[in-house]
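Presented below is the structure to which this report refers.
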Amino acid sequence: MGSGEQPAIDLRHVWKVFGPGDSARTIELSKGGSSRAEILQQTKQTVAVRDVSFSVAQGETFVVMGLSGSGKSTLIRCLSRLIEPTQGQISLSGDDLLAMDEDQLRQLRRGRMSMVFQHFGLFPHRKVIDNIAYGLEVQKIDKSTRVARATEILNTVGLDGWADHYPQQLSGGMQQRVGLARALAVDPQILLFDEPFSALDPLIRKEMQDELTRLQKTMQRTIVFITHDFAEALRLGDRIAIMKDGSFDQIGTPEEIVSAPATPYVREFVNDVPRAKVLSVKSVTVAGQSTTNSRTVAASAKIETIIPMLLERDEPITVLDANNQAIGVVNRASVANILQAEQK
Amino acid sequence: MKRRLSGLFVLIILAQTLGTRGFPDSLNIGLAEPITNLQSWVRKNRNDHWMFEFILNPFISVVNFGLDSVESVFTWLPWFVPAIIVFAVVARTRRWGVATFAALAVVYPGLVGVWSESIVTISLMAVAVFICVLIGVPLGVLAALKPRVEVALRPILDGMQTVPATVYLIPIVLFFGIGPAPAAIATVIYALPPMVRLTALGIQQVPKSAVEAAQMFGATKRQILAKVQLPLAVPSIITGINQTVMMALGIVVIATLVGAGGLGQEINQTVRRLEPGRGLVVSLAVVAVALVLDRVSMSLVSTPGAQRVRVKRNTLYMSLIGLALAAVVGRLLGWVEFPFSWGTSFADPIDTGFKWFRTTFNVITRPFNDFIVREILVRAQTLFNETITWQAVVAAAAAFAFYVAGWKMSLFTACGVTFIGLTGRWLDAVDTLTQTIVAVFISILIALPIGIWLGRRPRIEAIIAPVLDAFQTIPSLVYAIPFVMIFSVGPVPGIVAAVVYAIPPGIRLTSLGIRQVNNESVEAAITFGATQRQILWGVRIKLAMPSIILAINQMVMMVLAMAIISGMVGGGGLGYRSIEALTGPDSGLGVEVGLAIVIMATILDRLLQATARRMQAPVAV
């Protein structure tokens, strides 16, 4: 079984080819540099996931961001084996996912891994409480235990009092809370989110993102989160992968991606991002200088937090690292420079 | 394309000049012979061959036992008990008006004096539908989950819906003999397709995400089926039962040809005795049975969380005991049959009305009748028999098929039409086709304008729609009764009845097409200053054209379905032959007729569907 050292999720060279016929040849074509369209025309097959590798540490939130057709939904389904990958290795805390037989897979899904769906995937014929308890019912846990557990989770996601309603009597945001509660009820180590908030309107979406952040702070699960919304990716992800045409353009922390987009495609998303909200003070610190005034700021703070201070008085501020040692200063000019880059 | 079409045109001319007029008997392939041989074999071995002794006859006994038990229960019950039960079941949905109406519909057959006949019919329905559910639901589940099963089932189900019911009955009479049980089995076969289809549909329509979610929680296939797919398919399955009941009631009259008894037999007799009044009154009893079963089954379908009357368990038990007591007491007091019968008092004025209509409008109906028979039907017969060569007919049909649907369809059409000739049913087919064309033509003249008019008046349509839908539950023979009275026996009452039968769905589909026209297109036309007429003809009807063609297609199928009934009232053609085959019984003839009708229906259906597709605006790629 897995030790603490191993990543919770580890993907190596995962491919998914759709369509009947010889997928090995299609993979060779794709490796040789043929585009998806060319391959489709030649072989009638689609390369949905193209040589994807990444790993997610225990307790980390990993966001895969891509537009529709980028293969992100297929990728997360490979990760849960709702779809069989064509090639590659996937291990979960050291266990080989693709070697598991149907029974082992079922055991994995019953306890270690759970999923939240884009259109909620709730069971319209079951009450909210029975939806949440579904995962426990499948495991043949007795009724009083599962109702108690489901009620507890129901309160955690803020739906107390809605247990006896049916899903379609709830608003979209509340339905997704049920979806989240249902996934949490089986106490999984790994949570997969397939665009869970994209069917919700913007205000509710923001609220649900905050809710997830709040829950994650206390529960520390390993999360893989799929989205088409770059802002959502920045807000939730410890690390982000940008997916295009089946493969990853870039993997990095939000700050790494925003400060150094790897491809023109990634740059297009980054251009619209308010940098002051993403980049940390560290990225605008002028090293080696010092100042006599007493104002200080942590290097990990976001730039937007120091703007009011700089507007108040045009004097440099001392930047402190995690050990409270001064590593340099920030001033109006250094902040203005990085914000101006955004205008281009 | 153009060059090929002109090539085909030359081919038609050549076929006409060089071919043989009519369809020569010498080309008959003698399809009937082996089947007739089988028939005599079955006759000889019915009593001692193992297949009958150990499989078919025991099966018949089981069905008979079911029929007898249900019948004796209903006969034992005092008349008010079923009414109360129906009221209670429907009232659970809080629709008190509907519940009262349904309870009254239960009482109606008693009121008109056909209580015991209704019980016979209902027992047959109950047993047939029960068997349908027993076979249909598992088949539907299999079809939904295993693509291979679906591929195998689809052509069979499609075929089952075009084969005329009389043709089904032939092998059943052959293997099972005559009586209530064979009639029940025939009904099962006829009414099974919607059960299978709607079960499969219900399972397939379960949201994929719900199934995926269940998978993600580690549910086994069996758990997914039992706890997710089947529960979510329940509304669709109940709709399937509902449709099955309606189909079964639809052949109540035809089933009497193999000894079903009950209401169907009553109706059949009124046609023979020319008593349209009593025919209508008894038919209304069939409609009442249909209505009750429809309402009861629909009240069982509910959206989760819908408001229902909640009854405490104790109250429920108490009322059940009370009802049982009332039943016993009623029984002891002899309140079994309905206390009064107003049967003839309903029927007589209707009969008088029809007689009056007949004598008064003789000046119109007689010439109309003669015109259709002499100028159209007889001429068509001579045309196809003596003027046009069969090769030219095949070539023309193939050319049209090529134009609307390409060479594959063209080949299929040519083979199909030739095959009808080869079975020796050329003239019967011509007869049926001509009658069909006349009926469809009249139906189009009536249904399309009304449909187009209604399409833009949703409020009026909301009122008329249930009436139009109710028309479809009336057994098709009932349509023919008044027209036999008015036109006397012959092809014309069949044609007129077919028109009346086909119009409602024609109107519904046409108005649906008009209503579904994209509002933005209409608004665009208005902003460019188009007149009402330009909007109607240039936008609404143009865009609704595929639906309108499908409406015509539906009407063609309905008219063809009436061919048998038409045969029962003297219409001739394939319909008459099929009854001849059944009463003979002449299985060979039956198979010839069956194939001819199926081929004709399939060709017409495919050609019209292809025409509708041609008219569809190209879909974005």
Candidates A:171, A:55, A:247, ranked by Gaussian network fluctuation over chain A, Cα under 10 Å, top entry: A:171
Label-zone membership for region B:121-138, site residue B:62, 7 angstrom Cα→C-beta point, backbone N under 14 Å: B:128, B:130-136
With every protein chain in place, chain B: carbon and sulfur % of accessible area (1.4 Å): 67 percent
Of A:99, B:450, A:318, farthest towards positive along the dipole that unit charges on Lys, Arg, Asp, Glu beta carbons give the protein assembly as shown: B:450
Drop in accessible area of at least 30 Å² in the complex versus isolated chain, residues of region A:118-144, 1.4 Å probe: A:121, A:123, A:124, A:125, A:134, A:137, A:138
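Give the A-B buried accessible area in Å², both sides summed, 1.4 Å probe, nearest 100.
Adding both sides of the contact gives about 2100 Å².
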Rounded percent of accessible protein surface that carbon and sulfur make up, region A:276-343, 1.4 Å probe: 50 percent
Values of log10 I(q)/I(0), in the order q = 0.05, 0.06, 0.08 Å⁻¹, for the protein assembly as shown under a Debye, Cα-only, solvent-free model: -0.46, -0.64, -1.00
Nitroxide proxy distance, nm - points 7 Å out along Cα→Cβ at residue B:359 and residue B:580: 3.7 nm
Alpha carbon Rg of region B:427-621, scaled by the compact-globule rule 2.2 N^0.38 Å: 1.18
By average C-beta atoms within 10 angstrom, highest first, the peptides A:126-137, B:516-527: A:126-137, B:516-527
Separation in nanometres of the label points that stand 7 Å from Cα toward Cβ, at residue A:203 and residue A:253: 3.5 nm
Computed accessible area, residue B:386, all protein chains, 1.4 angstrom probe, square angstrom: 110 Å²
Length gained when the stretch residue B:53-residue B:316 is fully extended (0.36 nm per residue, less Cα-Cα span): 90.0 nm
Nearest-10 value in Å² for the accessible area of residue B:408, using the 1.4 Å probe: 150 Å²
Proximal lysines relative to residue B:221, as straight alpha-carbon distance under 20 Å, when same-chain residues fewer than 8 apart are discounted: A:140, B:146, B:208
Entries of A:16/A:244; A:244/A:277; A:72/A:217; A:16/A:217; A:206/B:227; A:72/B:227 with Cα pairs more than 23 Å apart: A:244/A:277; A:72/A:217; A:16/A:217; A:206/B:227; A:72/B:227
Amide H partners (placed H, <5 Å) of residue A:240, local residues excluded: A:63, A:252, A:253
Axial C-alpha extent at least 15 Å, average Kyte-Doolittle at least 1.6 - helices from chain B (DSSP): B:80-91, B:115-145, B:165-176, B:426-455, B:476-487, B:541-561
Space enclosed by the convex hull of the alpha-carbon atoms of region A:119-257, per residue, Å³: 122 Å³
Convex hull projection area averaged over all views, chain B, Cα basis, nm²: 35.2 nm²
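Over region A:276-343, consider all pairs of different Cα atoms and compute the Kirkwood hydrodynamic radius from their mean reciprocal separation; express it in Å, one decimal.
Value: 11.7 Å, from the Cα pair sum.
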Packing-based ranking, highest mean first, of A:143-151, B:579-587 given that Cβ atoms within 10 Å are counted: B:579-587, A:143-151
Accessible area, probe 1.4 Å, largest first, for residues B:531, B:166: B:531, B:166
Which of B:132, B:415 is most accessible, then next, and so on - probe 1.4 Å: B:415, B:132
Partners for residue A:127 among aspartates and glutamates (Cα-Cα distance below 19 Å; same-chain residues under 8 apart left out): A:137, A:142, A:152, A:160, A:164, B:212
Set of aspartates and glutamates near residue B:408 by C-alpha distance (under 19 Å), chain-local residues within fewer than 8 positions excluded: B:605
Two-decimal Rg/Rh across region A:38-155, once Rg and the Kirkwood Rh are taken from alpha-carbon atoms: 1.03
Difference of contour (0.36 nm per residue) and Cα-Cα distance, residue B:489 to residue B:152: 117.0 nm
Whole-angstrom gap from region A:39-81 to region B:421-457, using each part's C-alpha centre: 55 Å
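Mean residue ellipticity at 222 nm from the helices of chain B, using -39,500 (n - 2.57) per DSSP H segment of n ≥ 4 over the full residue count, to the nearest 500 deg cm²/dmol?
When only DSSP H runs of four or more count, the value is -25500 deg cm²/dmol.
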Surface per residue (accessible, 1.4 Å probe) for the protein assembly as shown, Å²: 48 Å²
Rounded Å value of the spacing that divides the Cα centres of region B:1-54 and region A:83-97: 60 Å
Taking chain B and dividing mean pair separation by its residue count, relative contact order in percent (alpha carbons under 8 Å, at least six apart): 21 percent
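The values are calculated or read from the model by the stated rules, or taken from the named source; none is laboratory data. Fair warning: this is a prediction, and the values are worked out from it, not measured in the lab. Positions of Cβ are generated from backbone atoms using ideal geometry, with glycine treated the same way; all protein chains shown enter the neighbour counts. For the accessible areas, the whole protein counts, side chains as well, though only heavy atoms, and no ligand, DNA or RNA atoms are used. Shrake-Rupley method; radii C 1.70, N 1.55, O 1.52, S 1.80 Å.
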